[in-house]
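Read through the structure below, which is laid out as structure tokens, and then see the notes.
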Amino acid sequence: MRTTTGWQSNSASDRPTDLERTAFERRDLRDDDIAVRVDFCGVCHSDLHRIQGMLGEGDIVPGHEATGVVTAVGPAVTDLVMGDRVAIGTIVDSCGECAMCLAGQENYCWQGPVTTYGGTDRVDGTKTQGLYSREYVLKSTFAYRLPDGLDAAAAAPLMCAGISVWEPLVASGIGPGSRVAVAGLGGLGHLAVKLAAALGAEVTVLSRGTAKTDDAISLGATALLDTTDEQAVQDARGRFDLVIDTISAEHALEPLLGMLGLDGSFCMLGNPLMTPPRFFAFLPGRKRVFASGTGGRLHTAELLAFCAEHGITADVEVLPSARVSEALDRLERGDVRYRFVLDLADLDA
Ligand SMILES: NC(=O)c1ccc[n+]([C@@H]2O[C@H](COP(=O)([O-])OP(=O)(O)OC[C@H]3O[C@@H](n4cnc5c(N)ncnc54)[C@H](OP(=O)(O)O)[C@@H]3O)[C@@H](O)[C@H]2O)c1
Ligand SMILES: [Zn+2]
Ligand SMILES: [Zn+2]
């Protein structure tokens, strides 16, 4: 076994976001494994939901969007060598045989994808621990070479926030002429704006208030619509082909659905406890409602290539990992523009 250091939640604490520094074990490399020195890891709102107990019980080392450098390779690894820059996302294994895996959608593996933290290893049944840590060991095919030119810190959020919005954009055929609305301008939302705009769509941000208007425009949107302005919401009736909902809290869906035109689609990405809308909310206009969860290997590789080509990364605030609790607290308050990224080098000390 190899020992590494990371930041672990403590559900017994009054303040669950006060993560504790902990030493724990990573497995010895299997033939098709690599070890990665994790340099940067984004702080996703799903980490916060998880730490707060919304997505299951038990203490975990969170973190599922990271970049780092390969430090060891198993004998059967042919695609990566020591020293390669790599990116790791939300999934680290799958059955590889079901229809979903064969379609490149390992995120929907019928046997259940192995998530980067809180998952169950397919070989030895141990619980996976995430990327708020200095080293990670995984099957090499679930690590992605980080294209040259992408900044390692700013690219880390592409691996969850980015891919989570990329798959629904691609699956919806978004391109020039498409009208896309992005609800919630946070980690996922700001990357949705950048990616949809780069695909050629006309993008509108749906936000609580107008404070983020300038940001929305500089990210590539043509407008920001204040969702607290009832008249503006009414006036937007039928305006969009796709609404991507990245809002992290429970909220009313009907006003957002009302903004879809004929055959428009509503993509639920945000708060995992949201209930789907009632039948009559999406019947008029033959609206489609779908949900989506991160992404498979094909789309992830495609996203990284697209981002390298278009110079897209997240807008990040990088903090030493010892300040992880501050990052989580500020994320909870909405005080982030637009993604915290932990620099894990301080774990060497
Ligand atoms: N399906 C997936 O694959 C997937 C992957 C990752 C994350 N997620 C989920 O997606 C959600 C967003 O994650 P994130 O990391 O982007 O979070 P985030 O950075 O905190 O952004 C969430 C945004 O939601 C809006 N918002 C927050 N509270 C709200 C409220 N009470 N009412 C209306 N709007 C509110 C805010 O936008 P404004 O300030 O502009 O209003 C905020 O910036 C989380 O629930 C997360 O668990 C899903
Ligand atoms: Zn995430
Ligand atoms: Zn499978």
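The values are calculated or read from the model by the stated rules, or taken from the named source; none is laboratory data. Quick caveat: nothing in here was measured; it's all calculated off a predicted structure. A quick note on method: Cβ atoms are made from the backbone with ideal geometry, for glycine too, and the neighbour counts reach across all protein chains shown. We work out accessible area using only protein heavy atoms, side chains counted, and drop any ligands, DNA or RNA first. Shrake-Rupley method; radii C 1.70, N 1.55, O 1.52, S 1.80 Å.
Which one of these does Leu331 not meet: (1) surrounded by fewer than 16 Cβ atoms within 10 Å (Cβ to Cβ); (2) assigned by TED's automatic domain parsing to the domain that holds Leu48?
(1)
Residue under question is Val36, and the condition is that it be touching a strand residue (DSSP E or B) at 6+ places or on another chain (Cβ under 6 Å) and open to solvent by 30 Å² or more (accessible area, probe 1.4 Å); does it hold?
Values: touching a strand residue (DSSP E or B) at 6+ places or on another chain (Cβ under 6 Å): yes; open to solvent by 30 Å² or more (accessible area, probe 1.4 Å): no.
Criteria not met by Val36.
Report whether or not Ala223 is more than 13 Å from ligand 1 (Cβ to nearest atom) and assigned by TED's automatic domain parsing to the domain that holds Gly89. Before you say what the answer is, go through the steps one by one.
Working: more than 13 Å from ligand 1 (Cβ to nearest atom): yes; assigned by TED's automatic domain parsing to the domain that holds Gly89: no.
So Ala223 does not fit the description; no.
Considering only the range 299-311, I want to know if a residue exists there that is more than 14 Å from ligand 1 (Cβ to nearest atom), in contact (Cβ under 8 Å) with a residue 60 or more places away in the chain and of a type in the set (S, T, N, Q). Explain how you work it out, then say what you get.
Step one: filter the range 299-311 for residues more than 14 Å from ligand 1 (Cβ to nearest atom), giving 301-302, 304-311.
If we keep only those that are in contact (Cβ under 8 Å) with a residue 60 or more places away in the chain too, we end up with 301-302, 304-308, 310-311.
With of a type in the set (S, T, N, Q) added as a condition, the list becomes none.
Looking through the range 299-311, none of the residues is more than 14 Å from ligand 1 (Cβ to nearest atom), in contact (Cβ under 8 Å) with a residue 60 or more places away in the chain and of a type in the set (S, T, N, Q).
Need pairs with beta-carbon distance below 7 Å; first residue of a type in the set (A, V, I, L, M) and within the range 320-349, second part of a helix (DSSP H, G or I) and open to solvent by 30 Å² or more (accessible area, probe 1.4 Å); sequence gap 6+ or separate chains.
Note: pairs meeting the criteria are Ala322/Asp346; Leu331/His45; Val336/Arg330.
A quick yes/no check of all residues on (1) basic (Lys, Arg); (2) more than 20 Å from Val73 (Cβ to Cβ); (3) away from ligand 1 (no atom under 16 Å from the Cβ); (4) touching a residue at least 12 places away in the same chain (Cβ under 8 Å):
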site: Ala103; (1), (2), (3), (4): no, yes, yes, yes
site: Tyr117; (1), (2), (3), (4): no, yes, no, yes
site: Thr120; (1), (2), (3), (4): no, yes, yes, no
site: Gly125; (1), (2), (3), (4): no, yes, yes, no
site: Gly149; (1), (2), (3), (4): no, yes, yes, yes
site: Ala154; (1), (2), (3), (4): no, yes, no, yes
site: Gly162; (1), (2), (3), (4): no, yes, no, yes
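Please go through the range 79-98 and pick out each residue that is in a loop (DSSP other than H, G, I, E, B), of a type outside the set (D, E, K, R) and under 21 Å from Val123 (Cα atoms).
Step one: list which residues in the range 79-98 are in a loop (DSSP other than H, G, I, E, B), which gives 79-84, 89-90, 94-98.
Still in the list and also of a type outside the set (D, E, K, R): 80-83, 89-90, 94-96, 98.
Matches in the range 79-98: Gly89, Thr90, Ser94, Cys95, Gly96, Cys98.
Does Arg27 qualify as being away from ligand 1 (no atom under 16 Å from the Cβ) and surrounded by 13 or more Cβ atoms within 10 Å (Cβ to Cβ)?
Working: away from ligand 1 (no atom under 16 Å from the Cβ): yes; surrounded by 13 or more Cβ atoms within 10 Å (Cβ to Cβ): yes.
Spelling it out, Arg27 is indeed away from ligand 1 (no atom under 16 Å from the Cβ) and surrounded by 13 or more Cβ atoms within 10 Å (Cβ to Cβ).
Filter the range 270-289 down to residues that are modelled with pLDDT of 95 or more and open to solvent by 60 Å² or more (accessible area, probe 1.4 Å), then give me how many there are.
Going through the range 270-289 one residue at a time, the tally reaches 2.
Per-residue answers, yes or no, for (1) at negative phi; (2) under 15 Å from the mean Cα position of the chain (by Cα); (3) assigned to a strand (DSSP E or B); (4) touching a residue at least 12 places away in the same chain (Cβ under 8 Å):
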position: Pro284; (1), (2), (3), (4): yes, no, no, no
position: Phe290; (1), (2), (3), (4): yes, no, yes, yes
position: Thr313; (1), (2), (3), (4): yes, yes, no, yes
position: Val318; (1), (2), (3), (4): yes, no, yes, yes
